[in-house]
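Peer 1: Provided herewith is a single structure, encoded as structure tokens, for subsequent inquiry.
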């Protein structure tokens, strides 16, 4: 794996990062390997895919899946595959054994779209170097913990994720569906703190729904794209659909980091996906 990575990237740190990411991805995807004798080409496909992604940006590579492997032909969406496999529960159980700071960085890296080192640093409010050290610790601890628990029974993360997905959809569509506040508030602390990307603080679910109502009145809709759930932690991801007459009203999407206390949502941090860079019109520039 390292030889393949180094031959493509020609950088020791980059090759090491790609191999470490590939090891975690492979661990979470063991259920997709139909022919154990093909594990070599399978691992190399994961490495090559991550190398290409890194070369495109020369930023810390978002964790991905081998989209060009012949063995993956006809496969479903990776998120759906992970949902079906007990391997997912095994890896999640290992993640839950990490310290909260290390766990959050690993979950963002491997299970969400907000997965570059810079984005994780922004979410966690730490320097990029701290993100690298936390991910390194996560890899090291998982490498030691996962083999020891391979045969154990693990909680069904799929059931919890499905429950949290329904919850996320209910909140994001509450305004358009005229959902009463009482139907949503049981899982939220009355004084839940919601930190906006600008740093502004909202207090209480009604304040959040008021912002959603304002956007809805302006013709904006939110479409849920991903939910990641574990004990005490949930991550939502959504895209915004802006009205044709105001295509830049909202950013392309958002990531929500929800933390719980005593089974109820205690705090929320919201992060907006960056807007695409403007396209320069050569004719106009003349």
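Peer 1: Is it the case that the range 199-208 has a residue that's at positive phi, surrounded by fewer than 13 Cβ atoms within 10 Å (Cβ to Cβ) and at pLDDT below 95?
Peer 2: yes
Peer 1: Which one of these does residue 189 not meet: (1) on the phi > 0 side of the Ramachandran plot; (2) more than 23 Å from the chain's Cα centre (by Cα)?
Peer 2: (1)
Here's the yes/no breakdown for (1) within 28 Å of residue 100 (Cβ to Cβ); (2) without any contact (Cβ under 8 Å) to a residue 12 or more places away in the chain:
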residue	(1), (2)
221	no, no
247	no, yes
255	yes, no
275	no, no
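Peer 1: To continue, here is another question. Which one is surrounded by the fewest Cβ atoms within 10 Å (Cβ to Cβ), of the residues in the range 26-36 that are at pLDDT below 80, in a helix (DSSP H, G or I) and touching a helix residue (DSSP H, G or I) at 6+ places or on another chain (Cβ under 9 Å)?
Peer 2: 31
Peer 1: Mind listing whichever residues of the range 167-181 are crowded, with 17+ Cβ neighbours inside 10 Å and in a loop (DSSP other than H, G, I, E, B)?
Peer 2: Of everything in the range 167-181, those that are crowded, with 17+ Cβ neighbours inside 10 Å and in a loop (DSSP other than H, G, I, E, B) turn out to be 173, 174, 175.
Peer 1: To continue, here is another question. So which of 39, 91, 131, 47 ends up being modelled with pLDDT of 80 or more, touching a helix residue (DSSP H, G or I) at 6+ places or on another chain (Cβ under 6 Å), part of a helix (DSSP H, G or I) and more than 14 Å from residue 18 (Cβ to Cβ)?
Peer 2: Every option except 131 fails the conditions.
The values are calculated or read from the model by the stated rules, or taken from the named source; none is laboratory data. Keep in mind the model is a prediction, meaning the values are calculated, not measured. Counting neighbours? That spans all protein chains shown, and the Cβs are built from the backbone with ideal geometry, glycine included.
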